[in-house]
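A.B. asks: What follows is a single structure, and I will ask about it in a moment.
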Amino acid sequence: MYEVLNTINAPEDVKKLTNEQLETLAVDVREALFNRLTKIGGHFGSNFGMVETEIAMHYVFNSPEDKFVYDVSHQAYTHKMLTGRKAGYIDDAHFSEDSGYTNPEESEHDFFNIGHTSTSISLVTGLARARDMKGGKENIVAIIGDGSLSGGMAFEGLDVAGSEINSNLIIVLNDNEQSISENHGGVYENLAELRRTNGQAENNIFKAFGLDYIYEENANDIQAMIQVFEKVKDVDHPIVVHIHTQKGKGYKLAEENREAWHWAVPFNRETGVPTISFGEDYTSITGEYLLKKANADKDVLLITPAMPTSFALPRAERDALGNQYIDVGIAEEQAVAMAAGAAKRGAKPVVLTNMTFLQRVYDQISHDVCINNLPVTFVINYTNFDGLTDVSHLGIFGISIFSHIPNLLVLAPTCREEYLAMLEQSIDQKDRPVLILIPGGAVIENQTFAELGDVTKYQCAVKGSEVAVLALGDFYAKGEALAEGLKKELGHDITLINPRNASELDGETLKGLEADHKLVVTLEDGIVDGGFGQRIASFYGASDMKVLNYGLKKNFYDRYNPDALLEELGMTVAHMVASVKNILK
């Protein structure tokens with residue numbers, strides 16, 4: 001197995017191969033992809049589609065002198081194998097050494113940690129300008145695809161590349177006719193026209209930006225791609241190399257269902273069936289509720305920037321919603337500003353995306369939505385510390401980023417019943433924008449849940465004394481465990497409070513604790529700096545109340561073990577009980 005791949009330790013080894021060996025290398029690379037992805041999962045479709053192109057790139061160019069910048073970088077697995085990191089794919093013991101994205105700490109052949117879309121063209125304009133200032137001559141190459149072209153930053157990059165860069169800059173556009181889900185936006189209509197005309201259509205968006213352009217239909221043909229790259233190598237001006245690949249090539253199931261195979265959990269290669277089961281989760285609960293709500297209320301408008309799969313919204317059901325559903329493509333700013341406009345006109349807009357991507361629209365949320373105090377509902381997934389753990393996809397900064405924006409109510413539900421009640425109340429109210437943090441982990445049922453009421457008021461679950469535990473959102477279960485542990489150690493009930501929101505202080509409840517409590521402990525699923533707990537500590541600053549904040553440090557954590565991280569941060573029940581006892585002494 002891996003007859004040729006085993007001989008590849010650096011890009012110069014690729015250049016020594018015969019045409020026949022290059023084809024065998026492609027077979028080896030796909031086998032290595034299967035080995036890793038069937039066992040630990042990862043981005044599937046785009047990597048299987050880019051095998052031949054990336055082999056040809058390393059055959060023609062001279063990395064790392066020539067610089068490759070992968071947009072999103074989840075299509076860079078072949079590149080990693082050809083630059084000394086094949087062990088992360090062919091040897092199970094080395095899987096953890098390779099991130100799912102480009103990473104300069106791994107290799108000199110990677111130039112940026114990249115996990116978000118639409119940044120590569122802007123990044124390479126900077127590399128190109130600095131090269132020209134310093135008298136360099138290397139090729140600068142951006143590789144962009146999987147719907148990234150719809151992002152506003154990609155257009156900004158194209159605009160600057162076409163008008164301000166007068167030297168070598170190569171933009172490889174991987175057109176596999178697919179984003180995460182189907183493509184959306186007028187730019188993809190133009191790509192389709194260019195494909196139909198073999199690149200000869202008079203209407204050419206890249207030429208409109210002032211860029212040179214070349215098209216290659218057979219991008220899964222190594223020899224064809226070698227010829228293309230030899231044509232553009234050392235070009236003295238910016239050029240777009242538009243290539244057509246088959247997403248998921250080499251695996252029939254992925255070729256036929258590109259949306260489902262954009263990213264895969266560990267699976268059985270023969271059947272495609274996942275080998276792990278997550279059971280019911282809040283994602284499926286969200287999708288079921290939103291579809292039911294939209295069908296019952298014709299004012300509800302679901303808006304997503306290319307993330308329907310994060311909310312279990314099947315293609316047929318979302319298509320059936322007609323004007324009540326829109327995927328704006330990878331364009332978060334458009335999604336939020338569009339929601340602001342829809343709310344102003346009387347609709348009930350719901351914006352759906354992941355926390356890591358919501359970071360890109362701070363200005364639209366603050367300026368377009370919150371200054372205008374428009375009733376937009378943001379339903380945000382992967383806000384938890386044990387969800388996505390790659391450094392580029394962390395959701396742990398959300399509370400600190402958004403909870404201080406005026407008018408924005410940030411809700412942190414603790415269970416299924418509370419979550420659904422928050423969704424219902426938020427979508428139907430007209431008073432203010434609301435951001436709901438979808439809980440992480442297993443679904444928690446609360447059969448005693450009655451009604452939501454005023455969510456700016458904290459909810460006291462247990463009235464005790466001496467110590468009060470304020471446990472936010474999906475850390476509420478940890479708060480319950482801590483309260484029980486403290487009760488056993490101290491011999492009396494500990495006050496346990498569900499704050500329910502991360503943005504509004506309930507001064508009445510907090511002031512009331514001063515009479516018979518010495519210590520307030522806060523727990524939150526996010527970084528402590530600028531978060532919920534520090535706001536509580538600030539409230540008590542002039543009083544005798546002590547405050548102990550638990551959460552994550554302000555770090556760019558990467559591929560960590562969540563349980564080990566809690567241990568390291570002293571957030572196990574045993575550690576926290578010991579700390580509380582020490583403070584009380």
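A.B. asks: Restricting attention to segment 263-282, does a residue exist that is in a helix (DSSP H, G or I), of a type in the set (G, A, S) and touching a residue at least 12 places away in the same chain (Cβ under 8 Å)?
C.D. replies: Our first condition is that a residue be in a helix (DSSP H, G or I); within segment 263-282, this holds for 282.
This time we only want the ones that are of a type in the set (G, A, S), so: none.
No: zero hits.
A.B. asks: Output the residue which, of all residues in segment 439-474 that are acidic (D, E) and farther than 30 Å from S277 by Cα, is modelled with the lowest pLDDT. Steps first, please.
C.D. replies: Initially, segment 439-474 is screened for residues acidic (D, E), giving 445, 451, 454, 466, 474.
Subset that is farther than 30 Å from S277 by Cα: 451, 454, 466.
Numbers: E451: 91, D454: 97, E466: 98.
Here the answer is E451.
A.B. asks: Does M338 satisfy the condition of being closer than 22 Å to G152 by Cβ, touching a Ser or Thr at 6+ places or on another chain (Cβ under 6 Å) and buried (at least 21 other Cβ atoms within 10 Å of the Cβ)?
C.D. replies: The answer is no for M338.
A.B. asks: OK, next. Just name the residue that is farthest from L394 (Cα to Cα) out of those in segment 453-477 that are surrounded by fewer than 19 Cβ atoms within 10 Å (Cβ to Cβ) and within 30 Å of the chain's Cα centre (by Cα).
C.D. replies: T456
A.B. asks: Another one. Looking at segment 132-141, is at least one residue within 30 Å of E333 (Cβ to Cβ), at pLDDT 95 or above and not assigned by TED's automatic domain parsing to the domain that holds Y557?
C.D. replies: Step one: of segment 132-141, the residues within 30 Å of E333 (Cβ to Cβ) are 140-141.
After this cut, where a residue has to be at pLDDT 95 or above as well, the list is 140-141.
Still in the list and also not assigned by TED's automatic domain parsing to the domain that holds Y557: 140-141.
The answer is yes; a qualifying residue exists.
A.B. asks: Applying the selection to segment 200-242, what residues are more than 19 Å from I165 (Cα to Cα) and surrounded by fewer than 18 Cβ atoms within 10 Å (Cβ to Cβ)?
C.D. replies: Q200, A201, E202, N203, E217, N218, D221, Q223, A224, Q227, E230, K231 - these are the residues of segment 200-242 that are more than 19 Å from I165 (Cα to Cα) and surrounded by fewer than 18 Cβ atoms within 10 Å (Cβ to Cβ).
A.B. asks: Among (1) under 26 Å from P406 (Cβ atoms); (2) in a helix (DSSP H, G or I), there is one condition N582 misses while meeting the rest; what is its number?
C.D. replies: Among (1) under 26 Å from P406 (Cβ atoms); (2) in a helix (DSSP H, G or I), the lone unmet condition for N582 is (1).
A.B. asks: While we're on this one: Considering only segment 56-94, state which residues are part of a helix (DSSP H, G or I) and under 17 Å from E230 (Cβ atoms).
C.D. replies: A56, M57, H58, Y59, V60
A.B. asks: So which of E97, E65, E106 ends up being more than 24 Å from S148 (Cα to Cα) and in contact with a Gly (Cβ under 6 Å, 6 or more places away or on another chain)? Let's see the steps before the verdict.
C.D. replies: Numbers: E65 fails: in contact with a Gly (Cβ under 6 Å, 6 or more places away or on another chain); E106 fails: in contact with a Gly (Cβ under 6 Å, 6 or more places away or on another chain).
Unique residue meeting the criteria: E97.
A.B. asks: Hey, another quick one. Just to be sure, is A343 more than 26 Å from L388 (Cα to Cα), in contact with a strand residue (DSSP E or B) (Cβ under 7 Å, 6 or more places away or on another chain), at pLDDT 95 or above and not β-branched (V, I, T)?
C.D. replies: Details: more than 26 Å from L388 (Cα to Cα): yes; in contact with a strand residue (DSSP E or B) (Cβ under 7 Å, 6 or more places away or on another chain): yes; at pLDDT 95 or above: yes; not β-branched (V, I, T): yes.
Yes.
A.B. asks: Sticking with this structure for a sec: For segment 25-55, what are the residues that are of a type in the set (A, V, I, L, M, F, W, C), more than 12 Å from M81 (Cβ to Cβ), part of a helix (DSSP H, G or I) and touching a residue at least 40 places away in the same chain (Cβ under 8 Å)? Let's see the steps before the verdict.
C.D. replies: First, pick out the residues of segment 25-55 that are of a type in the set (A, V, I, L, M, F, W, C): 25-27, 29, 32-34, 37, 40, 44, 48, 50-51, 55.
Adding the requirement that they be more than 12 Å from M81 (Cβ to Cβ) leaves 27, 34, 37, 40, 44, 48.
Filter again for part of a helix (DSSP H, G or I), leaving 27, 34, 37, 40, 48.
F34, L37, I40, F48, listed by residue number.
A.B. asks: Cβ-Cβ below 6 Å, separation at least six or inter-chain, first residue in segment 298-317 and in a loop (DSSP other than H, G, I, E, B), second among the basic types (K, R): which pairs?
C.D. replies: From segment 298-317, the pairs are D299/K348.
A.B. asks: If you don't mind, there's one more thing I want to ask. When both residues are 6+ apart or on different chains and their Cβ atoms are under 6 Å apart, which pairs have a first residue that lies in segment 170-189 and is in the same structural domain as N47 (by TED's automatic domain parsing) and under 18 Å from M50 (Cα atoms), and a second that is basic (K, R) and assigned to a loop (DSSP other than H, G, I, E, B)?
C.D. replies: Close Cβ pairs (under 6 Å, with a partner that is basic (K, R) and assigned to a loop (DSSP other than H, G, I, E, B)) amount to N176/K247; Q178/K247; Q178/R258.
Residue-by-condition table, conditions (1) buried (at least 21 other Cβ atoms within 10 Å of the Cβ); (2) within 20 Å of the chain's Cα centre (by Cα); (3) farther than 18 Å from P499 by Cα:
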| site | (1), (2), (3) |
| --- | --- |
| N372 | no, no, yes |
| V391 | no, yes, yes |
| G398 | yes, yes, no |
| F402 | yes, yes, no |
| E418 | yes, no, no |
| L423 | yes, no, no |
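A.B. asks: Looking at (1) among the aromatic types (F, W, Y); (2) out of contact with any helix residue (DSSP H, G or I) (no Cβ under 7 Å at 6 or more places or on another chain); (3) closer than 23 Å to K233 by Cβ, which one does F155 not meet, given that it meets all the others?
C.D. replies: Here F155 meets the rest and fails (3).
The values are calculated or read from the model by the stated rules, or taken from the named source; none is laboratory data. From a predicted model like this one, the values you see are computed outputs, not experimental measurements. In this analysis, Cβ positions are derived from the backbone assuming ideal geometry, glycine residues included, and neighbour counts consider all displayed protein chains.
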